[in-house]
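Contents: one structure, followed by commentary.
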Amino acid sequence: MISEVSVLYFAKGAELTGLKSETVKLPSELTTLQLWQELEGRHPKLSVIREQVVLAVRQEYVALGDQSVSLRDGDEVAVIPPLSGG
Amino acid sequence: MISEVSVLYFAKGAELTGLKSETVKLPSELTTLQLWQELEGRHPKLSVIREQVVLAVRQEYVALGDQSVSLRDGDEVAVIPPLSGG
Amino acid sequence: MTEDVDSPRDLIKLTHEKLSSDVVSTSVTCPSCGAISMFIGTTRDTFEGQKVIQLEYEAYVPMAELEMKKICTSIRAEWPTVRHICIQHRLGVVPVMEASVIVGISSPHRADSLEAVRFCIDTLKATVPIWKKEVYETEEASWKQNKECLWSVAGKK
Amino acid sequence: MTEDVDSPRDLIKLTHEKLSSDVVSTSVTCPSCGAISMFIGTTRDTFEGQKVIQLEYEAYVPMAELEMKKICTSIRAEWPTVRHICIQHRLGVVPVMEASVIVGISSPHRADSLEAVRFCIDTLKATVPIWKKEVYETEEASWKQNKECLWSVAGKK
């Protein structure tokens, strides 16, 4: 199964990909680490932030790891570099 | 020796004495408790705040007790009821 | 002064406009509260000796609002007497000395709002998806990392 | 931005005018500070179930200024990175919901100004010769006592 999701990039992530957002077809069931690897496969420059990044799936943080996520069409995924608000 | 000092009253102290300030002749050397007793002698109603009061001599706090103070002409003494600023 | 006027409010705002401490303090004032505690984060002119000429903030806006709302919920669980909470964060270019963030919290007695403000700004730095870029006199720029953020270089240590 | 503009300021004011949080925050803003912490004390509309219709403050003005200055000195000893300190206290009649006191403190990093603000308001209540009278709906009035004041009924316990 494949889902079509929106991927959002911010800050350093947007600089590295040259994108603010894109629509991507991804496996509907995968681990958060696999999700990251899919994105890094599309944008190899993202590797420079691999050690300092988490993802947000449907606006909830997920760390890169074995946790599985289900993606549905239209879901929102975001690459979240270290925060610097405040 | 006698000194002529200004005595200031605030808040409840001003209500009890009916005065904001007065000029008083007092012994030049006395303890802080004697200083209070002099003032209470002039204004017996002050006795109601005796347990919750300190004095200020030349704008420095002094508790009622054995500590001696020297008063010079023109010195400022104040009766300081419990504070409620802020 | 109906009960309604005074019922707890969580006021969250991300804006490109200049922030005002009067607007924030007024928004959390209430007749039964004796205390308003506030924190104002302003942009600094130097970082490690380099002169900062500009700061720019961007946010994942809907998620940032969600995370700010979560902070409000946590505050109310920990300090139930807190009345109103206002969190404003500026986006886009913020000139040096202007406020990037203002937090205002009211409570009947001061200990609660003082503690809640500190928790609020500490947690905001750790969890709200907002990013700051410093632009230096040398025209170099750097995306900052809050040490409070668990996946930052400092946060991982 | 000369060194002079940014050198530490202790700003103390007792006034019959309405207080403004913007005036206080602006007065302590400085280009090298990222943090301004503030406390605003406002007048409450009830005390132990009685409706308060008015509050009135009086001060032993020159000594109050001296004691506020001492607080500034203590803050600078304890939190040496604190930059500017502003303490304003209103005198005379203060309507409900208006500020009776505003403290604003700036520092490069927030922990210092947050802690210093708390110390400042706690100490002000304990040591600065200012008195508040609450006037109730019943037309009774009462001189208040801060529990922080060592010679108050609560302070002696």
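Mean residue ellipticity at 222 nm from the helices of chain D, using -39,500 (n - 2.57) per DSSP H segment of n ≥ 4 over the full residue count, to the nearest 500 deg cm²/dmol?
On the way: 4 runs with 48 residues, N = 157.
Mean residue ellipticity, 222 nm, calculated: -9500 deg cm²/dmol.
Once every DSSP H run of n ≥ 4 in chain B is given -39500 (n - 2.57) and the sum is divided by its residues, what mean residue ellipticity at 222 nm do you get, rounded to the nearest 500 deg cm²/dmol?
Values: 2 runs with 18 residues, N = 86.
Value at 222 nm, helices only, nearest 500: -6000 deg cm²/dmol.
Between the range D:1-57 and the range C:89-157, how far is it from one alpha carbon centroid to the other, in angstrom?
22 Å
If we sort C:93-105, C:75-87 on the protection proxy, mean other Cβ atoms within 10 Å, highest first, what's the order? Display every interim value, and only then the final one.
On the way: C:93-105: 21.2, C:75-87: 19.4.
Highest-to-lowest ranking by the protection proxy: C:93-105, C:75-87.
Residues of the range B:58-86 with accessible area at least 20 Å² lower in the all-protein-chain context than alone (1.4 Å probe)?
Correct list: B:59, B:60, B:61, B:80, B:82, B:83, B:84, B:85, B:86.
What is the magnitude of the charge dipole of the range D:50-128 about its Cα centre, with +1 placed on the Cβ of each Lys and Arg, -1 on the Cβ of each Asp and Glu, and no other charges, expressed in debye to the nearest 20?
Values: 9 positive and 9 negative charges, 32 e Å.
Dipole of the range D:50-128, to the nearest 20 debye: 160 debye.
Starting from the amide H of residue A:62, placed 1.01 Å from N in the peptide plane, find each other amide H under 5 Å away whose residue is 5 or more places distant or on another chain.
For residue A:62, the qualifying residues are A:55, A:56, A:57.
So how strong a dipole does the range D:9-156 carry about its Cα centre when Lys and Arg Cβ are +1 and Asp and Glu Cβ are -1, to the nearest 20 debye? Write down the numbers at each step before the final one.
Working: 18 positive and 19 negative charges, 93 e Å.
For this selection, approximately 440 debye.
Compute the separation of the alpha-carbon centres of the range A:40-86 and the range B:1-79 and state it in Å as a whole number.
72 Å
Can you list, largest first and rounded to whole Å, the semi-axes you get for the range D:57-108 by taking the square root of 5 times each eigenvalue of its Cα gyration tensor? Don't jump to the answer; show the numbers that get you there.
Working: eigenvalues 119, 44, 6 Å².
Here the semi-axes work out to 24, 15, 6 Å.
With solvent modelled as a 1.4 Å probe, how much accessible area in total do chains D and C shield from it at their shared surface, in Å² to the nearest 100?
Numbers: alone 9270 and 9270 Å², together 15520 Å².
Interface between D and C: roughly 3000 Å².
For label points placed 7 Å from Cα toward Cβ, what is the shortest-first list of nm distances from residue A:45 to its copies?
List, nearest first: 8.2 nm.
Where the convex hull is taken over the Cα atoms of chain C, what is its projected area averaged over directions, in nm²?
Details: hull surface 39.5 nm².
Across all orientations, chain C yields a mean hull projection of 9.9 nm².
Could you name every residue in the range D:14-39 that has 40 Å² or more less accessible surface in the full protein assembly than in its own chain alone (probe 1.4 Å, ligands and nucleic acids excluded)?
D:21, D:22, D:29, D:31, D:34, D:36, D:38, D:39
Give the average over all directions of the projected area of the C-alpha convex hull of the protein assembly as shown, one decimal, in nm².
Numbers: hull surface 110.3 nm².
Taking the Cα atoms of the protein assembly as shown, their convex hull projects to 27.6 nm² on average.
Mean-square fluctuation check for chain C, GNM, Cα pairs under 10 Å: which of C:129, C:62, C:31 is largest?
C:31
Classify the range C:79-152: rounded, prolate or oblate, from the alpha-carbon gyration tensor (a ≥ b ≥ c, eigenvalue square roots; a/c under 1.5 rounded; otherwise prolate if a/b is larger than b/c)?
Values: a/c = 3.31, a/b = 2.03, b/c = 1.63.
Prolate is the answer for the range C:79-152, as a/c is 1.5 or above and a/b outweighs b/c.
Please give the charge dipole size of chain A, origin at the Cα centre, charges +1 on K and R Cβ atoms and -1 on D and E Cβ atoms. Round to the nearest 20 debye.
On the way: 8 positive and 12 negative charges, 51 e Å.
The dipole magnitude comes to about 240 debye.
Where does helix B:32-42 land angle-wise versus the long Cα axis of chain B, in degrees 0 to 90, nearest 10?
70 degrees
Quick one: if the Förster radius is 30 Å, what FRET efficiency do residue C:48 and residue D:66 give, using the C-beta to C-beta distance and rounding to 0.05? Provide the component values of the computation, followed by the final result.
Details: r = 40 Å, r/R0 = 1.34.
It comes to 0.15.
Pop the C-beta distance of residue D:11 and residue C:22 into the FRET formula with R0 = 22 Å and round what comes out to the nearest 0.05. Before the final figure, lay out each step's value.
Working: r = 18 Å, r/R0 = 0.81.
E between residue D:11 and residue C:22, to the nearest 0.05, is 0.80.
List, shortest first and in nm to one decimal, how far the label point of residue B:63 (7 Å from Cα along Cα→Cβ) is from its counterparts in the other copies.
Nearest first, the other copies' label points are 5.4 nm away.
Using a probe of 1.4 angstrom, how much of the accessible area of the protein assembly as shown is carbon and sulfur, in percent?
Values: 10940 of 21370 Å².
The nonpolar share, carbon plus sulfur, comes to 51 percent.
Please list, in chain and number order, the residues 5+ apart from residue C:42 or on another chain whose amide H is under 5 Å from its amide H, with Hs placed from the backbone.
Excluding prolines and chain starts, which carry no amide H, the hits are C:100, D:35, D:36.
Where in the range D:90-129 does accessible area fall by at least 30 Å² between the isolated chain and the complete protein assembly, at a 1.4 Å probe radius?
The answer is D:97, D:110, D:114, D:118, D:125.
Hey, what's the range C:18-157 come to in accessible area per residue, 1.4 Å probe, Å²? Could you put the intermediate results ahead of the total?
On the way: 5310 Å² over 140 residues.
In whole numbers, the range C:18-157 has 38 Å² accessible per residue.
Two decimals is fine: what's Rg over Rh for the range B:2-80, C-alpha atoms, Kirkwood radius as Rh?
Working: Rg = 11.1 Å, Rh = 12.2 Å.
Answer for the range B:2-80: 0.91.
Based on the Cβ-Cβ distance of residue C:81 and residue A:47, what FRET efficiency does E = 1/(1 + (r/R0)^6) give at R0 = 45 Å, to the nearest 0.05?
Details: r = 49 Å, r/R0 = 1.08.
Once rounded, the FRET efficiency stands at 0.40.
With a 1.4 Å probe, how much accessible area is buried between chains A and C, both sides summed, in Å² to the nearest hundred?
Working: alone 5230 and 9270 Å², together 12200 Å².
That pair of chains buries around 2300 Å² in total.
Kindly give the distances from residue D:98 to its copy-mates, label point to label point, with each label point 7 Å from Cα along Cα→Cβ, as nm values to one decimal ordered shortest first.
3.1
The values are calculated or read from the model by the stated rules, or taken from the named source; none is laboratory data. The shown structure was predicted, so the numbers you read here are calculated from the model rather than taken from an experiment. Note: ideal-geometry Cβ built from the backbone for every residue, glycine included; neighbour counts use all protein chains shown. Please note that ligands, DNA and RNA were not included when accessible areas were found on the heavy atoms of the full protein model with its side chains. Shrake-Rupley method; radii C 1.70, N 1.55, O 1.52, S 1.80 Å.
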